[in-house]
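Asker: A single structure is presented below for examination.
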Amino acid sequence: MKLPGEFLRRMEALLKEEYPQYLAAMTEAPVHSLRINTEKISPEEFQNVFGYPLTPVPWCDSGYYYPEDVRPGTLPLYYAGLCYLQEASAMIPAALLPVSDHMTVLDACCAPGGKSTALMCRMHNTGLLVSNDISASRQKATLKTMGRFGAANTAVTAADLSVLSERYPEVFDKILLDAPCSGEGMFRRDPSLIAEWLEKGSGFYAPIQKDLIVKAWRMLKPGGMMVYSTCTFAPEEDEEVVLHLLETCPDAKLMPVENRYEGFAPGVLEGMEDCVRMYPHRLQGEGHFAALLKKDGNSDSVLSAPDHHVKIPEDAASFMKMIRDDIRRERITVHNDMLYLVPEYEINTEKIRVLNSGLLLGMMKNGRFEPSQQLALHLKDNAFADTVHLAPDGEDIRRFLRGETIRTEETHKGWVLVCCGRWPVGFGKSDGHTIKNKMDKGWRML
């Protein structure tokens, strides 16, 4: 990997006596990490069922390093939505944002959705999480990511922040703005980013970031908090963007980060010491920057709760009786023969491109209800009337995940929820001892 000379000169000026350590770290292999879906499984239980050694990521209580030769994305437990593969330093923005139950939260530039899954877990699937990205094509990955995690509190949107900031002034309790950047912190993990850096440089992104942070700030409630983050080292994309917000918006205040873990470096500009900088030679992870900001004032305003009480098709209503989970009728909507469980709060999405809002329960086909893959992954163990448990390390679960039919010793009739251990992976339909696979093709194991 050949790093640009201009970049190296700036890093030497930035790091001073630490520069040789940085260069040495850039020759080492990146570490590998994942984050556990705590809505489905506790970290302790995951360590027991994972089968490989795990080491905690200090700044994320659900983050763990795993051995280089392990491929979690090939395991049935991954298809059950028990974990998300995420670079360790990229876990810091969501970890810094103090979200909790029943909040209204915006992940402003979310694709492919990894940080949104972390926020969803810490909100315990309550409230409203708007996972937005300007690119509808990139949001396809977010839909799959959130669906696999069993999200029901999330609206996935594809909109420019200019539109959102006009539509939703002072609406959100918390905002995460992981801004597009030059990616300098990821050069070791993804050397292909160097070519784009040579073409655009860090100066290309700074004006965009300054525009985005002000627009995001307009959507934050008085008393609310926002994390601004990037995966780059350039001060003009990091501290200078935060400084721009502080100078533009008098109600903005940079907050100290209470837990500054070993390896965290302070901001490099005067008055910006409360920012967090992460370097690969100081910790096990790539480069990242994060700042926690708070808006002056207080607001007790809340969004309205949904109250639809729509007529549910008869076959869908019959299917819902087989679910022992809390599927609130007043939160079910029907649109173009598709049934959704909408989030706890509603926002006006007129003229906003919404790819999904809440949990897709399923769809009507020729008068019959077909449950969705998202519903299967949302349900907990024993939350469905007829459930089959397959061994996580057995061949049957891999056959089912590949879309194949499986046979069981027990007798089943009708819809069956198939589980990897105690964690659902998809629906099947049985007429006795054979379970026909009903997993959507896009969700199957390759």
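The values are calculated or read from the model by the stated rules, or taken from the named source; none is laboratory data. In this text, all values refer to a predicted model and were calculated from it rather than measured experimentally. So basically every Cβ, Gly included, is an ideal-geometry build from the backbone, and we count neighbours across all protein chains shown. Quick note on the areas: whole protein, heavy atoms, side chains included, nothing else; ligands and nucleic acids left out. Shrake-Rupley method; radii C 1.70, N 1.55, O 1.52, S 1.80 Å.
Asker: With respect to GLY201, is the statement that it is of a type outside the set (A, V, I, L, M), surrounded by fewer than 18 Cβ atoms within 10 Å (Cβ to Cβ) and either closer than 30 Å to GLU28 by Cα or modelled with pLDDT under 95 (or both) true? Step through it out loud before you land on a result.
Answerer: Working: of a type outside the set (A, V, I, L, M): yes; surrounded by fewer than 18 Cβ atoms within 10 Å (Cβ to Cβ): yes; either closer than 30 Å to GLU28 by Cα or modelled with pLDDT under 95 (or both): yes.
So GLY201 passes the test.
Asker: Which condition number in (1) open to solvent by 30 Å² or more (accessible area, probe 1.4 Å); (2) over 29 Å from LYS200 (Cα atoms) is the one that GLU240 fails?
Answerer: (2)
Asker: Would you point out which residue out of VAL354, VAL302 is open to solvent by 60 Å² or more (accessible area, probe 1.4 Å) and among the hydrophobic types (A, V, I, L, M, F, W, C)? Can you show your working first?
Answerer: Working: VAL354 fails: open to solvent by 60 Å² or more (accessible area, probe 1.4 Å).
Answer to the selection: VAL302.
Asker: Considering only residues of segment 402-437 that are part of a loop (DSSP other than H, G, I, E, B) and among the basic types (Lys, Arg), which is most open to solvent (accessible area, probe 1.4 Å)? Before you say what the answer is, go through the steps one by one.
Answerer: Taking segment 402-437 and keeping what is part of a loop (DSSP other than H, G, I, E, B), we get 402-405, 408-413, 421-422, 431-433.
Then drop every residue that is not among the basic types (Lys, Arg), which leaves 402, 413, 422.
On the way: ARG402: 92, LYS413: 162, ARG422: 84 Å².
Result: LYS413.
Asker: Condition test on ASP315, is it part of a loop (DSSP other than H, G, I, E, B) and out of contact with any His (no Cβ under 6 Å at 6 or more places or on another chain)?
Answerer: Values: part of a loop (DSSP other than H, G, I, E, B): no; out of contact with any His (no Cβ under 6 Å at 6 or more places or on another chain): yes.
So ASP315 does not fit the description; no.
Asker: Could you list all residues from segment 172-209 that are more than 30 Å from LEU128 (Cα to Cα) and touching a strand residue (DSSP E or B) at 6+ places or on another chain (Cβ under 7 Å)?
Answerer: Across segment 172-209, the qualifying residue is only GLY185.
Asker: Which is in contact (Cβ under 8 Å) with a residue 12 or more places away in the chain, at negative phi, out of contact with any Leu (no Cβ under 7 Å at 6 or more places or on another chain) and open to solvent by 20 Å² or more (accessible area, probe 1.4 Å), of THR349, THR387?
Answerer: On the way: THR387 fails: out of contact with any Leu (no Cβ under 7 Å at 6 or more places or on another chain).
Exactly one residue qualifies, and that residue is THR349.
Asker: In segment 179-191, what count of residues is obtained for those that are within 22 Å of the chain's Cα centre (by Cα) and open to solvent by 30 Å² or more (accessible area, probe 1.4 Å)?
Answerer: Residues that pass the stated criteria total 3.
Asker: State which residue pairs qualify: first residue closer than 13 Å to TYR279 by Cβ and assigned to a helix (DSSP H, G or I) and inside segment 4-25, second residue open to solvent by 40 Å² or more (accessible area, probe 1.4 Å) and polar (S, T, N, Q) in any location, beta carbons under 9 Å apart, and separation of 6 or more residues or different chains.
Answerer: LEU15/GLN21
Asker: Let me ask something else about it. So which of ASN132, ASN153 is more than 19 Å from HIS378 (Cβ to Cβ) and among the polar types (S, T, N, Q)? Give the steps one after another, and end with the answer.
Answerer: Values: ASN153 fails: more than 19 Å from HIS378 (Cβ to Cβ).
Matching residue, one of ASN132, ASN153: ASN132.
Asker: State whether one or more residues within segment 66-82 are surrounded by 16 or more Cβ atoms within 10 Å (Cβ to Cβ), out of contact with any helix residue (DSSP H, G or I) (no Cβ under 6 Å at 6 or more places or on another chain) and under 27 Å from PRO180 (Cα atoms).
Answerer: No, segment 66-82 has no match at all.
Asker: Of all the residues that make up segment 391-412, how many are without any contact (Cβ under 8 Å) to a residue 40 or more places away in the chain and either in contact with an Asp or Glu (Cβ under 7 Å, 6 or more places away or on another chain) or among the small types (Gly, Ala, Ser) (or both)? Please lay out each step first, then the result.
Answerer: Just the residues of segment 391-412 that are without any contact (Cβ under 8 Å) to a residue 40 or more places away in the chain, to begin with: 391, 394-396, 399-400, 404-412.
Next cut, either in contact with an Asp or Glu (Cβ under 7 Å, 6 or more places away or on another chain) or among the small types (Gly, Ala, Ser) (or both) only: 391, 394, 406, 412.
Qualifying residue count, segment 391-412: 4.
Asker: Being open to solvent by 20 Å² or more (accessible area, probe 1.4 Å), of a type outside the set (S, T, N, Q) and under 17 Å from ILE92 (Cβ atoms) narrows it down to one residue among PRO207, PRO266; which is it? Talk me through it step by step, then tell me what you get.
Answerer: On the way: PRO207 fails: under 17 Å from ILE92 (Cβ atoms).
Going through PRO207, PRO266 in turn, the sole match is PRO266.
Asker: Say whether the condition of being farther than 30 Å from SER162 by Cβ, basic (Lys, Arg), touching a residue at least 12 places away in the same chain (Cβ under 8 Å) and surrounded by fewer than 17 Cβ atoms within 10 Å (Cβ to Cβ) is met by at least one residue in segment 359-372. Give the derivation first.
Answerer: The initial filter retains those residues of segment 359-372 that are farther than 30 Å from SER162 by Cβ, namely 361-372.
In the following step, the residues that additionally are basic (Lys, Arg) were identified as 365, 368.
Retained after the next criterion (residues that are touching a residue at least 12 places away in the same chain (Cβ under 8 Å)): 365, 368.
Those still in the list that are surrounded by fewer than 17 Cβ atoms within 10 Å (Cβ to Cβ) too: 365, 368.
The answer is yes, given that some residue of segment 359-372 is farther than 30 Å from SER162 by Cβ, basic (Lys, Arg), touching a residue at least 12 places away in the same chain (Cβ under 8 Å) and surrounded by fewer than 17 Cβ atoms within 10 Å (Cβ to Cβ).
Asker: Then there's this: From LYS295, LYS321, LYS311, which residue is modelled with pLDDT of 95 or more and farther than 30 Å from LEU23 by Cβ?
Answerer: On the way: LYS321 fails: modelled with pLDDT of 95 or more; LYS311 fails: modelled with pLDDT of 95 or more.
Criteria check complete, one pass: LYS295.
Asker: Additional query: Report, by residue number, each residue of segment 328-343 that is under 19 Å from LEU377 (Cα atoms), of a type in the set (A, V, I, L, M) and surrounded by fewer than 18 Cβ atoms within 10 Å (Cβ to Cβ).
Answerer: If we filter segment 328-343 for residues that are under 19 Å from LEU377 (Cα atoms), which is where we start, we get 328, 331-332, 338-343.
So of that shortlist, the ones also of a type in the set (A, V, I, L, M) come out as 332, 338-339, 341-342.
Correct list: MET338 only.
Asker: Find the strands (runs of 3 or more DSSP E) located wholly in segment 92-203 whose residues include 1 or more that are small (Gly, Ala, Ser), and list them. Before the answer, list the steps.
Answerer: On the way: elements: 104-107, 128-132, 154-157, 172-178.
Ranges flagged: 128-132, 154-157.
Asker: Farther than 22 Å from SER182 by Cβ and open to solvent by 70 Å² or more (accessible area, probe 1.4 Å), is that true of PRO20?
Answerer: Values: farther than 22 Å from SER182 by Cβ: yes; open to solvent by 70 Å² or more (accessible area, probe 1.4 Å): yes.
When the stated conditions are applied, PRO20 passes them.
Asker: Could you please let me know if GLY271 is over 30 Å from MET219 (Cβ atoms) and in contact with a Leu (Cβ under 9 Å, 6 or more places away or on another chain)? It would help to see each step written out before you state the result.
Answerer: Numbers: over 30 Å from MET219 (Cβ atoms): no; in contact with a Leu (Cβ under 9 Å, 6 or more places away or on another chain): yes.
Spelling it out, it is not the case that GLY271 is over 30 Å from MET219 (Cβ atoms) and in contact with a Leu (Cβ under 9 Å, 6 or more places away or on another chain).
Asker: To continue, here is another question. Working only within segment 210-235, note down all residues that are open to solvent by less than 10 Å² (accessible area, probe 1.4 Å) and in a helix (DSSP H, G or I).
Answerer: Residues satisfying the conditions are ILE213, ALA216, TRP217.
Asker: Conditions: (1) among the charged types (D, E, K, R); (2) free of Cβ contacts under 8 Å to residues at least 24 places away in the same chain; (3) part of a loop (DSSP other than H, G, I, E, B). GLU45 meets all but one. Number of the miss?
Answerer: The single condition GLU45 does not satisfy is (3).
Asker: List every residue pair whose Cβ atoms lie under 8 Å apart, where the two residues are 6 or more positions apart in sequence or sit on different chains, the first residue falls within segment 298-314 and is in contact (Cβ under 8 Å) with a residue 12 or more places away in the chain and closer than 30 Å to GLU370 by Cα, and the second residue, located anywhere, is among the β-branched types (Val, Ile, Thr) and open to solvent by 50 Å² or more (accessible area, probe 1.4 Å).
Answerer: VAL310/VAL334; LYS311/VAL334; ILE312/VAL334; PRO313/VAL334
Asker: So for segment 26-33 (the condition being assigned to a loop (DSSP other than H, G, I, E, B), of a type in the set (Gly, Ala, Ser), open to solvent by 30 Å² or more (accessible area, probe 1.4 Å) and modelled with pLDDT of 95 or more), does at least one residue qualify? Even if it seems obvious, please write down each step before you answer.
Answerer: Here is the first cut: in segment 26-33, the residues assigned to a loop (DSSP other than H, G, I, E, B) are 26-32.
Subset that is of a type in the set (Gly, Ala, Ser): 29.
Next cut, open to solvent by 30 Å² or more (accessible area, probe 1.4 Å) only: 29.
Imposing the further condition that a residue be modelled with pLDDT of 95 or more reduces the set to 29.
Looking for residues that are assigned to a loop (DSSP other than H, G, I, E, B), of a type in the set (Gly, Ala, Ser), open to solvent by 30 Å² or more (accessible area, probe 1.4 Å) and modelled with pLDDT of 95 or more, one finds at least one in segment 26-33, hence yes.
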